[in-house]
1. Provide B:Tyr74, A:Tyr13, B:Tyr149 in ascending order of the number of other Cβ atoms located within 10 Å of each residue's Cβ, fewest first.
2. Taking H as built 1.01 Å from N, whose amide H comes closer than 5 Å to the amide H of A:Gln150, not counting residues under 5 places away?
3. Pop a pseudo-label 7 angstrom from the Cα along the beta-carbon direction at both A:Ser42 and B:His59 and give the gap in nm to one decimal.
4. Dividing the Cα convex hull volume of the range A:3-51 by residue count, how many Å³ per residue is that?
5. So what's the range B:123-188 giving for Rg/Rh, alpha carbon basis, Kirkwood Rh from the mean inverse pair distance?
6. Could you work out how far the C-alpha centroid of the range B:139-188 sits from that of the range B:12-31, in angstrom?
7. Could you order the peptides B:135-148, B:169-182, A:113-126 from most to least packed, using the average number of other C-beta atoms within 10 Å per residue?
8. Please average, across the residues of A:40-47, the number of beta carbons from any other chain that are within 10 Å of each residue's own beta carbon, and give a whole number.
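Computed from the coordinates by the stated procedures, all read-outs in this text should not be read as laboratory data. Predicted model only: the values in this text are computed from it and were never measured. Cβ placement follows ideal geometry from the backbone for every residue including glycine, while neighbour counts extend to all protein chains displayed.
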Amino acid sequence: MKCGDAIAYMHEYLDGDLPLEQRRKLKHHLSECPACAARFQSMQHTEALLRAMPVEAAPADLTHKIMKSLPRTRSPKSWTTWVRRHPGMSAAAIFLLIMLSSFVAMWNQGQQLSLKGDDLEHVVVKGRTVIVPEGERVEGDLIIENGELQVLGEVDGNLTVIDGNVTLASTAHIAGKVKEIDRAMDWAWYKLTSWFDTLAYGS
Amino acid sequence: MRPMETRLARLARKGDQRAFAEIVELYKDKLFHLANRMMSNRQEAEDIVQETFLRVYKHLDRYDENQKFSTWIYRIATNLCIDRLRKRRPVYSLDAESSDHEGLDGYAMMPSDDRTPESELLLSETQRIIHETIETLPLKYRAVMALRYFQDMSLQEISEVLEMPVTTVKTRVHRGREFLRKKLEPKL
Ligand SMILES: [Zn+2]
């Protein structure tokens, strides 16, 4: 065994990672090599001294100081924390919340026509009728409440008509789904909004 | 079963101050010992322990229960020590960043001259020499050596605290050990 290998073994030994077979080899080398034996003794000595360093306790008043230094109240679990902990859920929840709040806003607006969508530039509003003209293309979804919808052109997303009617011309093309909701009749819709009302207003 | 610290951390997160005080009681002496050995200064060690708990308190929401609480709290304390030591000796911090493959010579730090005398009184002559020698340990070995020898951590635990591979921790322990041995041998 070379002295260099023996030194590497010494460190492994002190790490507690030297297998039995290598331990035997090291022991054998130390019995033949005074330089390595002296080095090993010095290493063990250092090791023992380090471990024997006294543990000084923290000052007695430290706990008190620490507890006093803390902010008065821990801020309640923030929205962002919840988002961080539930990344998948939260995206869906935020979406649902936005959807619900916009619906509730519409509800509160009473019988007025309300129109929501990502791309309202390409629609024409006449009174309570919303028209997607022929040759026009609306990107994304359209949500219409309390009104008529006439589609002659293209809609790239879903169409939702609440308390209204939808007329599709032969030239119309809807990429997504068409959904008509009658709030008076639709049980699911009723449940959803009443649940949200309870949540939001505690009634 | 969850260890006690995780349970306490949960209670503290909900605003239970007594649970947090229990966490402080569990860790303050260990952290003080670590910081005192790393900083060689009682006052700074005390500041670091205080700052550690303040950070723990503020960031309880970020504690990931998949890791041990001790790993998390030691990481915060060690990082605070390293930051302070870097600020204390900006010239040497560059060296501390250098590769593990470089030699030991020339990387020793100057001992700090702001030690408080009362801490010296508690130590025997041998212990004083060791104390001073630890102060000359390059930063990158110091954290590893302090966790290994003054907190009795396994190499695996150290690698988790410092977020570095076990092989790097091992190399640093070996070099730190050689550094101390060479320095101490003529003195003892
Ligand atoms: Zn040899």
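1. Working: B:Tyr74 25, A:Tyr13 17, B:Tyr149 22.
Sorted ascending by nearby Cβ count, the order is A:Tyr13, B:Tyr149, B:Tyr74.
2. A:Val130, A:Ile131, A:Val132, A:Thr167
3. According to this spin-label approximation, the distance is 4.1 nm.
4. So the per-residue Cα hull volume is 64 Å³.
5. Details: Rg = 12.3 Å, Rh = 12.2 Å.
With Rg and the Kirkwood Rh in hand, the quotient comes to 1.01.
6. 28 Å
7. Working: B:135-148: 23.1, B:169-182: 20.4, A:113-126: 14.9.
So the peptides B:135-148, B:169-182, A:113-126, ranked by packing, come out B:135-148, B:169-182, A:113-126.
8. Taking all residues of A:40-47 together, the mean is 4.
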